[in-house]
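These notes are about the structure you will find just below.
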Amino acid sequence: MQELKTYYYNDGNAVRKETEYQLRPARSLPNREQREREKREEAIRRQKITDRKRARALRKNRLLTAYMIMAVVLTCLMLVSYVALQTNVTTRMSRIADMENELSTINADNNAAESRIATNTNLSDIKDKAINELGMVYATSNQIVYYSIDGSDYMSQYKDIP
């Protein structure tokens, strides 16, 4: 049975307040076997909690590792495709430069040939040769034929016009 004792103390200006204290019976101390069993149970409980935490962390680590591997693979694929595109662009630019050089060379040869032809030919000499040696004459008005073409249509000429 518990005993109740009442104690008084002063708080402030001589005012009494009652406080009740309960006296508890003395608790018997556990024996050695009980303490060891409690320690083992506590250790097992802690071990289970630790194992659960470890398993949860391992699952999270596996998921995080999978995400990281996917990110690295995607990054590598993007880098490889970027390098391939850069190589393709560089190759095409080199080919275009080679073709431009070839075009400029051909244009220079063509201009030189035109200059050579222009300096070697004289139109008055050609006219004299055509009239005097070959017997050519200017066309008369009855030899000239006029024809009209619609603006919306086109025509391909397969034979000489009479």
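The values are calculated or read from the model by the stated rules, or taken from the named source; none is laboratory data. Just so it is clear, the model here is predicted, and its values are computed rather than measured. We place every Cβ from the backbone using ideal geometry, glycine too, and count neighbours over all the protein chains shown. Protein only, heavy atoms only, side chains kept; ligands, DNA and RNA dropped before computing areas. Shrake-Rupley method; radii C 1.70, N 1.55, O 1.52, S 1.80 Å.
Some values worked out for this structure:
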quantity: Qualifying residue in segment 79-87 (condition: open to solvent by less than 80 Å² (accessible area, probe 1.4 Å), of a type in the set (S, T, N, Q), out of contact with any strand residue (DSSP E or B) (no Cβ under 7 Å at 6 or more places or on another chain) and at pLDDT 95 or above); calculated: yes
quantity: Within segment 96-123, tally of residues that are under 28 Å from ASP160 (Cβ atoms) and over 60 Å from the mean Cα position of the chain (by Cα); calculated: 2
quantity: Filtered residue count, segment 130-147, keeping only those that are in a helix (DSSP H, G or I) and either at pLDDT 90 or above or in contact with a Pro (Cβ under 9 Å, 6 or more places away or on another chain) (or both); calculated: 4
quantity: Verdict on THR121 being modelled with pLDDT of 95 or more and either touching a strand residue (DSSP E or B) at 6+ places or on another chain (Cβ under 7 Å) or open to solvent by less than 90 Å² (accessible area, probe 1.4 Å) (or both); calculated: no
quantity: Positions within segment 97-118 being modelled with pLDDT under 90 and of a type outside the set (D, E, K, R), in sequence order; calculated: SER115, ILE117, ALA118
